[in-house]
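To start, the structure itself, in C-alpha coordinates.
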Amino acid sequence: MKFLNLSSLLFFNVLITVNSFVPRLQALDANTDKKTLLSFKSSISDPSNALSDWNSISSHCSWFGVNCTKDSRIQSLQLSGLKLSGFLHPSLSNLTSLRVLDLSNNQFYGQISLDFLQLRHLRHIILAQNNLYGSIPSGLSNCHDLEEITLCTNHLTGALPYQLGNLSRLSIFNVPMNNLSGAIPPTYGNLSSLTVLCLAINNFTHTLPNELGRLKNLQVLQLSDNYFTGEIPHSIFNISSLVSISLTQNYLFFEYLTNCLQLEVLTLNGNNLTGQLPKSFSNLSTHLIELCIEDNFFTGGFPGLEKFENLTALAIQQNYFTGQIPHSVGKLRQLQLFLMNDNMFSGEIPDIFDNLPKLFKLRMDNNIFGYQDCGANTVLCWAHMLKYGLGGKVSTCGDVYSFGILLLEIFIAKKPTDRLFEGSSLVDFVSAKQQNVTDIIDPLLFKDNDFSIYSISTGGGNNSANNESSNWQRRIGECLASLIKMGLSCTADLPKDRLTMTEALTKLLDIRRSLLEL
(Lines give C-alpha, C1' and ligand atoms only; values in the text may rest on other atoms or scores of the structure.)
Protein backbone atom coordinates (compact mmCIF):
# COMPACT_ATOMS: atom_id res chain seq x y z
CA MET A 1 0.00 0.00 0.00
CA LYS A 2 2.84 2.36 0.78
CA PHE A 3 4.43 1.53 -2.57
CA LEU A 4 1.13 2.19 -4.35
CA ASN A 5 0.74 5.62 -2.78
CA LEU A 6 4.31 6.52 -3.75
CA SER A 7 3.65 5.45 -7.37
CA SER A 8 0.45 7.47 -7.51
CA LEU A 9 2.24 10.52 -6.18
CA LEU A 10 4.94 10.24 -8.82
CA PHE A 11 2.31 9.80 -11.59
CA PHE A 12 0.41 12.93 -10.59
CA ASN A 13 3.63 14.95 -10.35
CA VAL A 14 4.55 13.90 -13.89
CA LEU A 15 1.04 14.71 -15.15
CA ILE A 16 1.16 18.20 -13.61
CA THR A 17 4.59 18.81 -15.14
CA VAL A 18 3.43 17.71 -18.60
CA ASN A 19 0.27 19.83 -18.46
CA SER A 20 2.27 22.88 -17.51
CA PHE A 21 4.66 22.22 -20.39
CA VAL A 22 2.03 21.79 -23.15
CA PRO A 23 1.49 25.56 -23.78
CA ARG A 24 5.25 26.06 -24.05
CA LEU A 25 5.47 23.08 -26.44
CA GLN A 26 2.74 24.60 -28.66
CA ALA A 27 4.48 27.96 -28.62
CA LEU A 28 7.73 26.28 -29.54
CA ASP A 29 6.04 24.44 -32.42
CA ALA A 30 4.49 27.62 -33.80
CA ASN A 31 7.80 29.42 -33.46
CA THR A 32 9.49 26.56 -35.27
CA ASP A 33 7.03 26.98 -38.14
CA LYS A 34 7.92 30.65 -38.43
CA LYS A 35 11.66 29.97 -38.36
CA THR A 36 11.20 27.24 -40.95
CA LEU A 37 9.49 29.59 -43.41
CA LEU A 38 12.04 32.36 -42.85
CA SER A 39 14.80 29.85 -43.52
CA PHE A 40 12.94 28.65 -46.61
CA LYS A 41 12.59 32.23 -47.89
CA SER A 42 16.30 32.92 -47.43
CA SER A 43 17.22 29.84 -49.48
CA ILE A 44 15.17 30.65 -52.61
CA SER A 45 14.96 33.36 -55.24
CA ASP A 46 11.87 35.58 -55.24
CA PRO A 47 12.21 37.89 -58.29
CA SER A 48 8.71 39.35 -57.98
CA ASN A 49 9.15 40.02 -54.24
CA ALA A 50 5.97 38.09 -53.52
CA LEU A 51 7.17 37.14 -50.03
CA SER A 52 8.02 40.69 -48.96
CA ASP A 53 5.78 40.49 -45.87
CA TRP A 54 7.61 37.43 -44.54
CA ASN A 55 9.70 38.93 -41.74
CA SER A 56 10.60 38.29 -38.13
CA ILE A 57 8.38 41.08 -36.81
CA SER A 58 4.94 40.22 -38.16
CA SER A 59 2.93 37.10 -37.35
CA HIS A 60 3.63 34.29 -39.78
CA CYS A 61 -0.10 33.55 -39.87
CA SER A 62 -0.62 36.88 -41.69
CA TRP A 63 1.99 36.20 -44.36
CA PHE A 64 1.09 35.84 -48.02
CA GLY A 65 0.25 32.24 -48.93
CA VAL A 66 0.11 31.05 -45.32
CA ASN A 67 -2.90 29.80 -43.39
CA CYS A 68 -2.78 28.73 -39.74
CA THR A 69 -4.73 26.70 -37.24
CA LYS A 70 -6.15 28.27 -34.07
CA ASP A 71 -2.91 27.53 -32.22
CA SER A 72 -0.81 29.29 -34.91
CA ARG A 73 0.44 26.10 -36.55
CA ILE A 74 0.80 26.37 -40.32
CA GLN A 75 -1.78 24.16 -42.02
CA SER A 76 -1.60 25.50 -45.57
CA LEU A 77 1.27 26.85 -47.70
CA GLN A 78 0.08 27.93 -51.15
CA LEU A 79 2.67 29.72 -53.30
CA SER A 80 1.63 28.81 -56.83
CA GLY A 81 2.80 30.78 -59.86
CA LEU A 82 5.14 33.23 -58.12
CA LYS A 83 8.29 32.54 -60.22
CA LEU A 84 10.05 31.25 -57.11
CA SER A 85 13.16 29.17 -57.71
CA GLY A 86 15.51 27.15 -55.59
CA PHE A 87 16.03 23.81 -53.94
CA LEU A 88 13.00 22.09 -52.41
CA HIS A 89 14.46 22.18 -48.92
CA PRO A 90 13.83 19.26 -46.51
CA SER A 91 13.33 21.76 -43.65
CA LEU A 92 9.71 22.13 -44.82
CA SER A 93 9.21 18.79 -43.09
CA ASN A 94 9.19 20.75 -39.80
CA LEU A 95 5.71 22.05 -40.68
CA THR A 96 4.18 19.04 -38.95
CA SER A 97 0.61 20.37 -39.03
CA LEU A 98 0.70 21.03 -42.76
CA ARG A 99 -2.34 19.83 -44.70
CA VAL A 100 -1.88 21.66 -48.02
CA LEU A 101 1.44 22.19 -49.80
CA ASP A 102 1.08 23.94 -53.16
CA LEU A 103 4.32 25.14 -54.79
CA SER A 104 3.14 24.58 -58.37
CA ASN A 105 4.09 26.60 -61.43
CA ASN A 106 7.44 27.77 -60.10
CA GLN A 107 11.06 26.79 -60.75
CA PHE A 108 11.90 24.56 -57.80
CA TYR A 109 14.46 21.88 -58.52
CA GLY A 110 15.99 18.85 -56.87
CA GLN A 111 14.44 15.69 -55.53
CA ILE A 112 11.33 15.53 -53.38
CA SER A 113 13.29 14.84 -50.21
CA LEU A 114 10.68 15.74 -47.61
CA ASP A 115 10.16 13.61 -44.52
CA PHE A 116 6.57 12.45 -44.93
CA LEU A 117 6.58 10.74 -41.54
CA GLN A 118 6.66 14.23 -40.07
CA LEU A 119 4.16 15.48 -42.66
CA ARG A 120 1.71 12.69 -41.91
CA HIS A 121 -1.25 15.11 -41.75
CA LEU A 122 -0.74 16.20 -45.36
CA ARG A 123 -3.87 16.05 -47.53
CA HIS A 124 -2.83 17.84 -50.72
CA ILE A 125 0.65 17.94 -52.25
CA ILE A 126 0.76 19.97 -55.47
CA LEU A 127 4.21 20.44 -57.00
CA ALA A 128 3.26 20.60 -60.68
CA GLN A 129 5.20 22.57 -63.31
CA ASN A 130 8.59 22.75 -61.68
CA ASN A 131 11.99 21.19 -62.44
CA LEU A 132 11.90 18.40 -59.91
CA TYR A 133 13.69 15.14 -60.67
CA GLY A 134 14.22 11.77 -59.05
CA SER A 135 11.48 9.34 -58.14
CA ILE A 136 8.08 9.74 -56.53
CA PRO A 137 8.83 9.14 -52.83
CA SER A 138 7.30 5.98 -51.41
CA GLY A 139 7.19 7.84 -48.07
CA LEU A 140 3.99 9.53 -49.25
CA SER A 141 2.29 6.32 -48.13
CA ASN A 142 2.77 7.54 -44.52
CA CYS A 143 0.31 10.37 -45.18
CA HIS A 144 -2.84 8.35 -44.59
CA ASP A 145 -5.10 11.40 -44.99
CA LEU A 146 -3.69 12.25 -48.42
CA GLU A 147 -6.40 13.21 -50.92
CA GLU A 148 -4.35 14.65 -53.80
CA ILE A 149 -0.96 14.03 -55.38
CA THR A 150 -0.29 16.37 -58.31
CA LEU A 151 3.26 16.25 -59.66
CA CYS A 152 2.69 16.84 -63.39
CA THR A 153 5.15 18.53 -65.75
CA ASN A 154 8.41 17.82 -63.98
CA HIS A 155 11.33 15.50 -64.75
CA LEU A 156 10.45 12.64 -62.43
CA THR A 157 11.75 9.18 -63.27
CA GLY A 158 11.45 5.64 -62.04
CA ALA A 159 8.49 3.44 -61.23
CA LEU A 160 5.28 4.23 -59.39
CA PRO A 161 5.67 3.26 -55.71
CA TYR A 162 3.44 0.27 -54.99
CA GLN A 163 3.14 1.47 -51.38
CA LEU A 164 0.81 4.29 -52.44
CA GLY A 165 -1.88 1.67 -52.92
CA ASN A 166 -2.70 1.92 -49.20
CA LEU A 167 -3.91 5.53 -49.45
CA SER A 168 -7.59 4.82 -49.05
CA ARG A 169 -8.57 8.52 -49.10
CA LEU A 170 -6.60 9.46 -52.22
CA SER A 171 -8.93 11.06 -54.75
CA ILE A 172 -6.55 12.58 -57.33
CA PHE A 173 -3.34 11.01 -58.60
CA ASN A 174 -2.05 13.36 -61.29
CA VAL A 175 1.49 12.80 -62.62
CA PRO A 176 1.45 13.37 -66.43
CA MET A 177 4.30 14.84 -68.47
CA ASN A 178 7.23 13.27 -66.64
CA ASN A 179 9.63 10.45 -67.51
CA LEU A 180 8.08 7.82 -65.29
CA SER A 181 8.29 4.20 -66.41
CA GLY A 182 7.39 0.64 -65.53
CA ALA A 183 3.96 -0.82 -64.88
CA ILE A 184 0.94 0.39 -62.94
CA PRO A 185 1.17 -1.49 -59.61
CA PRO A 186 -1.80 -3.81 -59.03
CA THR A 187 -2.03 -2.33 -55.52
CA TYR A 188 -3.50 0.81 -57.09
CA GLY A 189 -6.72 -1.15 -57.39
CA ASN A 190 -7.04 -0.55 -53.62
CA LEU A 191 -7.39 3.22 -54.05
CA SER A 192 -11.08 3.07 -53.29
CA SER A 193 -11.60 6.86 -53.22
CA LEU A 194 -9.77 7.59 -56.47
CA THR A 195 -11.71 9.77 -58.93
CA VAL A 196 -8.84 10.93 -61.22
CA LEU A 197 -5.94 8.78 -62.45
CA CYS A 198 -3.76 10.68 -64.90
CA LEU A 199 -0.49 9.12 -66.08
CA ALA A 200 -0.37 10.61 -69.59
CA ILE A 201 2.80 11.43 -71.53
CA ASN A 202 5.24 9.22 -69.70
CA ASN A 203 7.09 6.00 -70.54
CA PHE A 204 4.85 3.45 -68.84
CA THR A 205 4.82 -0.06 -70.26
CA HIS A 206 3.24 -3.49 -69.68
CA THR A 207 -0.44 -4.37 -69.64
CA LEU A 208 -3.08 -2.55 -67.66
CA PRO A 209 -3.77 -4.40 -64.40
CA ASN A 210 -7.22 -5.91 -64.11
CA GLU A 211 -7.32 -4.53 -60.56
CA LEU A 212 -8.07 -1.07 -61.97
CA GLY A 213 -11.62 -2.31 -62.42
CA ARG A 214 -12.03 -2.11 -58.64
CA LEU A 215 -11.86 1.69 -58.72
CA LYS A 216 -15.60 2.10 -58.46
CA ASN A 217 -15.43 5.89 -57.91
CA LEU A 218 -13.11 6.59 -60.84
CA GLN A 219 -14.35 9.35 -63.15
CA VAL A 220 -11.28 10.24 -65.26
CA LEU A 221 -8.81 7.69 -66.63
CA GLN A 222 -6.07 9.41 -68.66
CA LEU A 223 -3.29 7.08 -69.80
CA SER A 224 -2.52 8.50 -73.26
CA ASP A 225 0.93 8.75 -74.86
CA ASN A 226 2.65 5.83 -73.17
CA TYR A 227 3.69 2.32 -74.20
CA PHE A 228 0.93 0.26 -72.62
CA THR A 229 0.24 -3.00 -74.42
CA GLY A 230 -2.33 -5.76 -74.53
CA GLU A 231 -6.06 -5.83 -74.08
CA ILE A 232 -7.89 -3.12 -72.17
CA PRO A 233 -9.29 -5.07 -69.19
CA HIS A 234 -13.02 -5.71 -69.39
CA SER A 235 -13.27 -4.60 -65.78
CA ILE A 236 -12.40 -0.99 -66.73
CA PHE A 237 -15.45 -0.72 -68.98
CA ASN A 238 -17.56 -1.96 -66.07
CA ILE A 239 -16.77 1.12 -63.97
CA SER A 240 -20.12 2.87 -64.15
CA SER A 241 -18.78 6.12 -62.66
CA LEU A 242 -16.31 6.77 -65.53
CA VAL A 243 -16.89 10.03 -67.37
CA SER A 244 -13.70 10.24 -69.47
CA ILE A 245 -11.38 7.53 -70.83
CA SER A 246 -8.32 8.55 -72.84
CA LEU A 247 -5.97 5.77 -73.95
CA THR A 248 -4.57 7.38 -77.10
CA GLN A 249 -1.12 6.63 -78.52
CA ASN A 250 -0.50 3.28 -76.90
CA TYR A 251 -0.52 -0.32 -78.14
CA LEU A 252 -3.83 -1.41 -76.66
CA PHE A 253 -6.85 -3.22 -78.02
CA PHE A 254 -10.32 -4.04 -76.74
CA GLU A 255 -13.05 -6.56 -77.46
CA TYR A 256 -16.14 -4.99 -76.02
CA LEU A 257 -17.54 -1.92 -74.31
CA THR A 258 -20.12 -2.44 -71.63
CA ASN A 259 -21.35 -0.57 -68.60
CA CYS A 260 -19.73 2.88 -68.49
CA LEU A 261 -23.14 4.46 -68.07
CA GLN A 262 -21.86 7.98 -67.38
CA LEU A 263 -19.13 8.04 -70.01
CA GLU A 264 -18.84 11.38 -71.84
CA VAL A 265 -15.38 11.18 -73.46
CA LEU A 266 -13.75 8.16 -75.11
CA THR A 267 -10.47 8.61 -77.01
CA LEU A 268 -8.66 5.56 -78.37
CA ASN A 269 -6.78 7.07 -81.31
CA GLY A 270 -3.31 5.91 -82.30
CA ASN A 271 -3.47 2.40 -80.82
CA ASN A 272 -3.13 0.26 -83.96
CA LEU A 273 -6.62 -1.08 -83.31
CA THR A 274 -7.79 -3.41 -86.08
CA GLY A 275 -10.91 -5.11 -87.39
CA GLN A 276 -14.49 -3.94 -87.23
CA LEU A 277 -15.87 -2.00 -84.32
CA PRO A 278 -17.25 -4.51 -81.81
CA LYS A 279 -21.01 -4.96 -81.56
CA SER A 280 -20.77 -3.73 -77.98
CA PHE A 281 -20.05 -0.27 -79.45
CA SER A 282 -23.79 0.27 -79.29
CA ASN A 283 -23.59 -0.19 -75.50
CA LEU A 284 -21.68 3.05 -75.04
CA SER A 285 -23.25 5.64 -72.79
CA THR A 286 -25.96 7.88 -74.22
CA HIS A 287 -24.14 10.71 -72.40
CA LEU A 288 -21.23 10.44 -74.85
CA ILE A 289 -19.99 13.89 -75.94
CA GLU A 290 -16.65 13.10 -77.61
CA LEU A 291 -15.68 9.96 -79.51
CA CYS A 292 -12.18 9.91 -81.01
CA ILE A 293 -10.89 6.69 -82.60
CA GLU A 294 -8.80 8.14 -85.42
CA ASP A 295 -5.43 6.84 -86.62
CA ASN A 296 -6.15 3.14 -86.23
CA PHE A 297 -6.86 0.27 -88.64
CA PHE A 298 -10.60 -0.14 -88.19
CA THR A 299 -12.40 -1.67 -91.16
CA GLY A 300 -15.95 -2.30 -92.29
CA GLY A 301 -18.93 -0.01 -92.08
CA PHE A 302 -19.47 2.55 -89.36
CA PRO A 303 -22.43 1.69 -87.10
CA GLY A 304 -25.49 3.79 -86.47
CA LEU A 305 -25.27 6.71 -84.07
CA GLU A 306 -28.91 7.49 -83.33
CA LYS A 307 -28.64 7.03 -79.58
CA PHE A 308 -25.69 9.41 -79.17
CA GLU A 309 -27.73 12.59 -79.46
CA ASN A 310 -25.36 14.51 -77.14
CA LEU A 311 -22.32 13.92 -79.34
CA THR A 312 -20.39 17.14 -80.13
CA ALA A 313 -17.16 15.70 -81.58
CA LEU A 314 -16.76 12.60 -83.76
CA ALA A 315 -13.24 11.88 -85.04
CA ILE A 316 -12.92 8.65 -87.06
CA GLN A 317 -10.38 9.78 -89.65
CA GLN A 318 -7.33 7.79 -90.79
CA ASN A 319 -8.91 4.36 -90.66
CA TYR A 320 -10.24 1.97 -93.32
CA PHE A 321 -13.98 2.39 -92.84
CA THR A 322 -16.02 1.53 -95.91
CA GLY A 323 -19.56 1.92 -97.15
CA GLN A 324 -21.68 5.03 -97.04
CA ILE A 325 -21.75 7.80 -94.47
CA PRO A 326 -24.37 6.68 -91.93
CA HIS A 327 -27.59 8.65 -92.36
CA SER A 328 -27.90 8.59 -88.56
CA VAL A 329 -25.20 11.31 -88.43
CA GLY A 330 -27.93 13.71 -89.51
CA LYS A 331 -29.66 13.15 -86.18
CA LEU A 332 -26.72 14.40 -84.11
CA ARG A 333 -27.98 17.95 -83.72
CA GLN A 334 -25.31 18.84 -81.13
CA LEU A 335 -22.45 17.81 -83.43
CA GLN A 336 -19.82 20.52 -83.87
CA LEU A 337 -16.85 18.59 -85.29
CA PHE A 338 -16.97 15.63 -87.68
CA LEU A 339 -13.69 14.31 -89.09
CA MET A 340 -13.97 11.29 -91.41
CA ASN A 341 -11.18 12.01 -93.88
CA ASP A 342 -8.64 9.39 -95.00
CA ASN A 343 -10.97 6.42 -95.04
CA MET A 344 -12.64 4.42 -97.80
CA PHE A 345 -16.18 5.75 -97.55
CA SER A 346 -17.97 5.65 -100.89
CA GLY A 347 -21.27 6.33 -102.59
CA GLU A 348 -23.14 9.60 -102.68
CA ILE A 349 -22.70 12.15 -99.90
CA PRO A 350 -26.09 12.13 -98.18
CA ASP A 351 -28.03 15.34 -97.89
CA ILE A 352 -28.15 15.20 -94.09
CA PHE A 353 -25.83 17.90 -92.84
CA ASP A 354 -28.35 20.74 -93.09
CA ASN A 355 -29.89 19.16 -89.98
CA LEU A 356 -26.75 19.95 -87.96
CA PRO A 357 -26.97 23.64 -87.05
CA LYS A 358 -23.90 23.62 -84.76
CA LEU A 359 -21.49 21.85 -87.10
CA PHE A 360 -18.52 24.12 -87.85
CA LYS A 361 -15.76 21.72 -88.88
CA LEU A 362 -16.17 18.87 -91.35
CA ARG A 363 -13.48 16.93 -93.21
CA MET A 364 -14.33 14.31 -95.83
CA ASP A 365 -11.27 14.41 -98.08
CA ASN A 366 -9.39 11.28 -99.16
CA ASN A 367 -12.49 9.12 -99.52
CA ILE A 368 -14.34 7.85 -102.59
CA PHE A 369 -17.66 9.55 -103.22
CA GLY A 370 -19.63 8.92 -106.41
CA TYR A 371 -17.20 8.93 -109.31
CA GLN A 372 -14.78 11.34 -107.72
CA ASP A 373 -11.95 10.75 -105.29
CA CYS A 374 -11.71 13.50 -102.74
CA GLY A 375 -7.97 12.94 -102.52
CA ALA A 376 -7.57 13.84 -106.17
CA ASN A 377 -10.34 16.41 -106.42
CA THR A 378 -10.24 18.50 -103.30
CA VAL A 379 -12.72 21.05 -104.73
CA LEU A 380 -15.56 18.57 -104.19
CA CYS A 381 -14.65 18.11 -100.54
CA TRP A 382 -14.16 21.79 -99.86
CA ALA A 383 -17.50 22.58 -101.53
CA HIS A 384 -19.26 20.11 -99.27
CA MET A 385 -17.47 21.52 -96.25
CA LEU A 386 -18.70 24.93 -97.24
CA LYS A 387 -22.27 23.80 -97.79
CA TYR A 388 -22.75 21.52 -94.83
CA GLY A 389 -20.20 22.68 -92.28
CA LEU A 390 -21.97 26.01 -92.00
CA GLY A 391 -25.50 24.75 -92.36
CA GLY A 392 -26.20 26.85 -95.45
CA LYS A 393 -26.82 26.29 -99.16
CA VAL A 394 -24.23 26.07 -101.90
CA SER A 395 -23.70 29.51 -103.42
CA THR A 396 -21.03 31.51 -105.21
CA CYS A 397 -19.27 31.63 -101.85
CA GLY A 398 -18.28 28.03 -102.60
CA ASP A 399 -16.68 29.13 -105.87
CA VAL A 400 -14.70 31.79 -104.03
CA TYR A 401 -13.52 29.31 -101.42
CA SER A 402 -12.43 26.80 -104.05
CA PHE A 403 -10.69 29.56 -106.00
CA GLY A 404 -8.79 30.64 -102.88
CA ILE A 405 -7.67 27.07 -102.16
CA LEU A 406 -6.57 26.65 -105.77
CA LEU A 407 -4.60 29.91 -105.63
CA LEU A 408 -2.75 28.85 -102.48
CA GLU A 409 -2.05 25.41 -103.97
CA ILE A 410 -0.48 26.97 -107.08
CA PHE A 411 1.88 29.27 -105.24
CA ILE A 412 3.08 26.92 -102.49
CA ALA A 413 2.89 23.70 -104.55
CA LYS A 414 1.10 21.78 -101.81
CA LYS A 415 -2.31 20.09 -101.79
CA PRO A 416 -4.69 20.51 -98.85
CA THR A 417 -4.18 16.80 -98.11
CA ASP A 418 -0.39 17.09 -97.84
CA ARG A 419 0.99 15.44 -94.68
CA LEU A 420 2.61 18.76 -93.83
CA PHE A 421 -0.82 19.93 -92.69
CA GLU A 422 -1.65 17.02 -90.39
CA GLY A 423 -3.46 18.40 -87.36
CA SER A 424 -3.92 21.68 -89.21
CA SER A 425 -4.93 22.80 -92.72
CA LEU A 426 -3.52 24.46 -95.81
CA VAL A 427 -5.21 27.72 -94.87
CA ASP A 428 -3.92 27.65 -91.28
CA PHE A 429 -0.40 26.90 -92.51
CA VAL A 430 -0.32 29.77 -95.01
CA SER A 431 -1.97 32.16 -92.57
CA ALA A 432 0.79 31.53 -90.02
CA LYS A 433 3.47 32.24 -92.64
CA GLN A 434 1.94 35.21 -94.45
CA GLN A 435 4.32 37.73 -92.88
CA ASN A 436 7.19 36.02 -94.68
CA VAL A 437 5.82 34.33 -97.78
CA THR A 438 9.31 33.51 -99.05
CA ASP A 439 9.31 30.62 -96.59
CA ILE A 440 6.43 28.92 -98.38
CA ILE A 441 6.42 30.09 -102.03
CA ASP A 442 7.41 27.35 -104.49
CA PRO A 443 11.02 28.17 -105.57
CA LEU A 444 10.42 26.51 -108.96
CA LEU A 445 8.21 29.46 -109.94
CA PHE A 446 11.40 31.53 -110.18
CA LYS A 447 13.87 29.02 -111.54
CA ASP A 448 14.31 30.98 -114.82
CA ASN A 449 14.86 34.36 -113.15
CA ASP A 450 18.23 35.84 -112.26
CA PHE A 451 17.58 36.28 -108.57
CA SER A 452 16.84 34.07 -105.60
CA ILE A 453 13.33 33.97 -104.20
CA TYR A 454 14.89 34.05 -100.75
CA SER A 455 16.19 37.56 -101.38
CA ILE A 456 12.69 38.97 -101.76
CA SER A 457 11.44 41.12 -98.89
CA THR A 458 7.73 41.28 -98.20
CA GLY A 459 7.82 43.75 -95.37
CA GLY A 460 7.87 46.88 -97.49
CA GLY A 461 11.25 46.32 -99.08
CA ASN A 462 14.75 47.50 -98.31
CA ASN A 463 14.55 51.31 -98.17
CA SER A 464 18.25 51.59 -98.90
CA ALA A 465 17.93 49.72 -102.19
CA ASN A 466 17.78 52.33 -104.93
CA ASN A 467 18.91 50.39 -107.96
CA GLU A 468 16.47 48.93 -110.43
CA SER A 469 17.15 45.29 -109.53
CA SER A 470 16.40 45.65 -105.83
CA ASN A 471 13.29 47.71 -106.62
CA TRP A 472 12.09 44.95 -108.95
CA GLN A 473 12.61 42.31 -106.26
CA ARG A 474 10.70 44.42 -103.77
CA ARG A 475 7.74 44.83 -106.13
CA ILE A 476 7.69 41.10 -106.91
CA GLY A 477 7.60 40.41 -103.18
CA GLU A 478 4.71 42.82 -102.71
CA CYS A 479 2.75 41.14 -105.51
CA LEU A 480 3.32 37.71 -104.00
CA ALA A 481 2.21 38.91 -100.60
CA SER A 482 -0.93 40.42 -102.19
CA LEU A 483 -1.76 37.15 -103.94
CA ILE A 484 -1.37 35.14 -100.74
CA LYS A 485 -3.46 37.66 -98.81
CA MET A 486 -6.16 37.47 -101.46
CA GLY A 487 -6.15 33.66 -101.31
CA LEU A 488 -6.65 33.81 -97.55
CA SER A 489 -9.44 36.37 -97.94
CA CYS A 490 -11.23 33.94 -100.25
CA THR A 491 -11.00 31.11 -97.68
CA ALA A 492 -12.32 32.81 -94.56
CA ASP A 493 -14.33 30.48 -92.32
CA LEU A 494 -17.58 32.37 -92.74
CA PRO A 495 -18.94 33.04 -96.25
CA LYS A 496 -19.89 36.60 -95.30
CA ASP A 497 -16.21 37.33 -94.54
CA ARG A 498 -14.96 36.18 -97.97
CA LEU A 499 -14.31 38.26 -101.04
CA THR A 500 -16.88 38.07 -103.80
CA MET A 501 -15.73 36.76 -107.17
CA THR A 502 -15.97 40.31 -108.51
CA GLU A 503 -13.74 41.63 -105.74
CA ALA A 504 -11.26 38.78 -106.28
CA LEU A 505 -11.10 39.53 -110.03
CA THR A 506 -10.58 43.24 -109.36
CA LYS A 507 -7.69 42.50 -107.01
CA LEU A 508 -6.12 40.16 -109.55
CA LEU A 509 -6.25 42.87 -112.21
CA ASP A 510 -4.67 45.36 -109.79
CA ILE A 511 -1.82 42.92 -109.09
CA ARG A 512 -1.37 42.33 -112.83
CA ARG A 513 -1.17 46.07 -113.50
CA SER A 514 1.40 46.42 -110.75
CA LEU A 515 3.55 43.73 -112.36
CA LEU A 516 3.25 45.28 -115.86
CA GLU A 517 4.52 48.58 -114.51
CA LEU A 518 7.84 47.02 -113.51
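Normalising by residue count, segment 95-154 has a Cα convex hull of 69 Å³ per residue. When peptides 478-488, 432-442 are ranked by their average number of other Cβ atoms within 10 Å per residue, the highest-first order is 478-488, 432-442. Excluding same-chain neighbours fewer than eight residues apart, the aspartates and glutamates reachable from K41 by a Cα-Cα span under 16 Å are D33, D53, D102. Once you divide the Cα radius of gyration of segment 198-344 by 2.2 N^0.38 Å, the number left is 0.99. Of the peptides 149-158, 282-291, the ranking by mean beta-carbon count within 10 Å, highest at the top, reads 149-158, 282-291. In order along segment 482-489, phi translates into HN-Hα couplings of 5, 5, 5, 4, 5, x, 5, 5 Hz, rounded to whole numbers, per the Karplus curve 6.51 cos²θ - 1.76 cosθ + 1.60 with θ = phi - 60° and x for Gly and Pro. Pairs of alpha carbons in segment 135-274 separated by more than 18 Å make up 51% of all such pairs. Net charge within 14 Å of Q336 by Cβ-Cβ distance, Lys/Arg positive one each and Asp/Glu negative one each, not counting Q336 itself? So the environment of Q336 carries a net charge of +1.
Rolling a 1.4 angstrom probe over segment 217-331 with all protein chains present gives an accessible area of which 47% lies on carbon and sulfur atoms.
Here the 3J(HN,Hα) profile of segment 185-200, calculated from phi with Karplus coefficients 6.51, -1.76 and 1.60 at θ = phi - 60°, is x, x, 4, 5, x, 8, 7, 5, 9, 5, 10, 10, 10, 10, 10, 5 Hz, Gly and Pro shown as x.
In terms of distances greater than 18 angstrom between alpha carbons, the cross-link table entries K279/K331; K485/K507; K331/K358; K216/K279; K433/K485 yield K279/K331; K216/K279.
Sequentially through segment 490-497, phi angles give Karplus couplings (6.51, -1.76, 1.60; θ = phi - 60°) of 7, 10, 4, 4, 9, x, 5, 8 Hz, Gly and Pro residues having no value and appearing as x.
The values are calculated or read from the model by the stated rules, or taken from the named source; none is laboratory data. In this text, all values refer to a predicted model and were calculated from it rather than measured experimentally. Here the Cβ is made from the backbone with ideal geometry for all residues, glycine too, and neighbour counts use every protein chain on show. The area values use the complete protein model at the heavy-atom level, side chains included, leaving out ligands, DNA and RNA. Shrake-Rupley method; radii C 1.70, N 1.55, O 1.52, S 1.80 Å.
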